[in-house]
Amino acid sequence: MTLDQRKKNRVTLLDVARHAGVSRATASLVIRKSPLVGADTRARVEASMEELGYVYNMGAARLRADRSLTIGVVIPNLTNPFFAELLAGIETVIDAAGMVVILVNSGDQVGRQDMLMTRMREHGVDGIILCPAAGTGEGLLERLGEWHLPLVQVLRRVSDQVDYAGVDYAQGMRQAVDHLSELGHREIAFAVHGPVHSAYEERVEGFRQAMQAKGLGAEKVVRVPHQISAIVDAAHLFSEGPTASTAVICFNDVVALGLSAGLYDLGIQVGRDFSLIGFDDVADADAMRPRLTSVSTFPEAIGEGAANLLLDRLAHPEIGPRKLVKATKLQIRQSSAPWRGGDHDLRTARG
């Protein structure tokens, strides 16, 4: 079949409307997922589209709307399950708006992030949701402003002059410290890893403030390696020496997973001899044994919030910058337990 023949035989939206017994305008509203169309009418039009083999011409729609109907999402780490849940929330909202997500990974490198942002502009995305790479300066945000490219910061914050969706990290730290204090723990450490950015700083400061509020020493902020296999080998830092503790709050659930394995190798039983609290409460937390006590940050809801902020910004570019900060909730499971007493370097717990 020639190109002219294919064009001649192509099913149009008018064909769909006639087949479904509605106006072309109503069929168009169904295509655009408008809430103005009733459920029965929508089902009838969609059935006609299926029966006739109608294919929506997205390219033509973009030209008519002078928009690409695409949103760029830039994240720093594709391997962390937290970001998969964040993306699911973003896509739920963007899909419902009839748009598509273009996902890229900056690898937490500012230079690569700059290159990706330029490519996003070249591809004509309508806006960007960005989890800024560590070290990102306000110059990037100023450049996006010059490009008239709407932006929402997510999880990490570079400027208060740009929309932001994130987490109350300090609240999460208070919940974790309060829980361990109530269980009788006094020697509590915070295991951190990765590059320093706003979320890192807010968690560290939140830990220190929460410990001081309980009259506890806040000096045990201990860096562990970035790779999970190396985190396993770093577990001894919390079982002996100057940073020995009876409980550890982890920067995220990945750190908790590594330390749980490392403590097991040392003969220390998490949930009995030692307490461990994760942060983020991703889906794997409940699959660990013992089940991991973790601070829920609700990444899917954060993703939905970020996407809604961006859609609002596209519809109302004149509004001032807004901030959505999600409250946290401590999910108590098996990995945290009352301190049993004894030497806090855990030498008596082994064996």
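Coordinate-derived values only; no laboratory data. The structure presented is a predicted model; accordingly, all values stated were derived computationally and were not measured. Cβ sites come from the backbone with ideal geometry, for glycine too, and all protein chains shown count toward neighbours.
Rounded to the nearest Å, what's the spacing between the alpha carbon centres of region 23-47 and region 301-336? Just the number, please.
Using only Cα atoms, the two centres lie 30 Å from each other.
Let me check against my output: what whole-number percent is the relative contact order of region 3-56, with C-alpha pairs under 8 Å and at least 6 apart?
41 percent
Sort Thr79, Thr293 so the one with the fewest other Cβ atoms within 10 Å of its own Cβ comes first. Could the numbers behind the result be given before it?
Working: Thr79 9, Thr293 26.
Listed from fewest to most nearby Cβ atoms, that is Thr79, Thr293.
Work out from phi, with θ = phi - 60° and the Karplus expression 6.51 cos²θ - 1.76 cosθ + 1.60, the ³J(HN,Hα) of each residue of region 203-216, listed in order in whole Hz, and give x for Gly and Pro.
5, 4, 5, x, 4, 5, 5, 5, 5, 5, 5, 8, x, 10
Using the Karplus curve 6.51 cos²θ - 1.76 cosθ + 1.60 with θ = phi - 60°, work out ³J(HN,Hα) for each residue of region 302-313 in order, rounded to whole Hz, and write x for Gly and Pro.
Whole-Hz 3J(HN,Hα) from phi for region 302-313: 5, x, 4, x, 4, 5, 5, 4, 5, 4, 5, 5.
Would you mind checking which residues have amide H under 5 Å from Val221's amide H? H placed 1.01 Å from N; only 5 or more apart, or other chain.
Phe190
Got a sec? How would Asp273, Asp168 order by Cβ neighbour count within 10 Å, fewest to most?
So the ranking, lowest neighbour count to highest, is Asp168, Asp273.
Per DSSP H run of at least 4 residues, take -39500 (n - 2.57); add these up for the chain, divide by its residues and hand me the 222 nm value, nearest 500 deg cm²/dmol.
-13000 deg cm²/dmol
Which residues make up the longest stretch of the chain clear of chymotrypsin sites (Phe, Trp or Tyr not before Pro) that lie in a DSSP loop with no more than 15 other Cβ atoms within 10 Å, not counting the sites? Kindly include the intermediate steps, with their values, before the conclusion.
Working: sites that count: Tyr56, Trp147.
It works out to 148-351.
Based only on other Cβ atoms within 10 Å, what is the fewest-to-most ordering of Leu237, Leu36, Leu149?
Fewest-to-most ranking of Leu237, Leu36, Leu149: Leu36, Leu149, Leu237.
Let me check against my output: what whole-number percent is the relative contact order of the chain, with C-alpha pairs under 8 Å and at least 6 apart?
Numbers: 632 pairs, mean separation 60.4, N = 351.
About 17 percent, as a whole number.
Please turn the phi angles of region 256-262 into ³J(HN,Hα) values with the Karplus equation 6.51 cos²θ - 1.76 cosθ + 1.60 (θ = phi - 60°), one per residue in order, whole Hz, x for glycine and proline.
4, 4, x, 5, 4, 5, x
Return the whole-Å distance between the Cα centroid of region 83-116 and the Cα centroid of region 193-232.
Between the Cα centre of region 83-116 and that of region 193-232, the gap is 27 Å.
Nearest 5 is fine: what % of DSSP beta bridges in the chain come out antiparallel, could you say?
Percent antiparallel among DSSP bridges in the chain is about 10.
Under the definition of Cα pairs under 8 Å and six or more residues apart, what whole-number percent is the relative contact order of region 81-169?
On the way: 74 pairs, mean separation 18.1, N = 89.
Worked out over region 81-169, it gives 20 percent.
Computed from these coordinates, which is Rg and Dmax of the Cα atoms in Å: (1) 25.4, 85; (2) 19.4, 62; (3) 21.8, 89?
(1)
Taking amide H positions as placed 1.01 Å from N in the peptide plane, with prolines and chain starts having none, which residues 5 or more places from Lys326, or on another chain, fall under 5 Å of its amide H?
Long-range HN contacts for Lys326: Gly166, Val167, Asp168.
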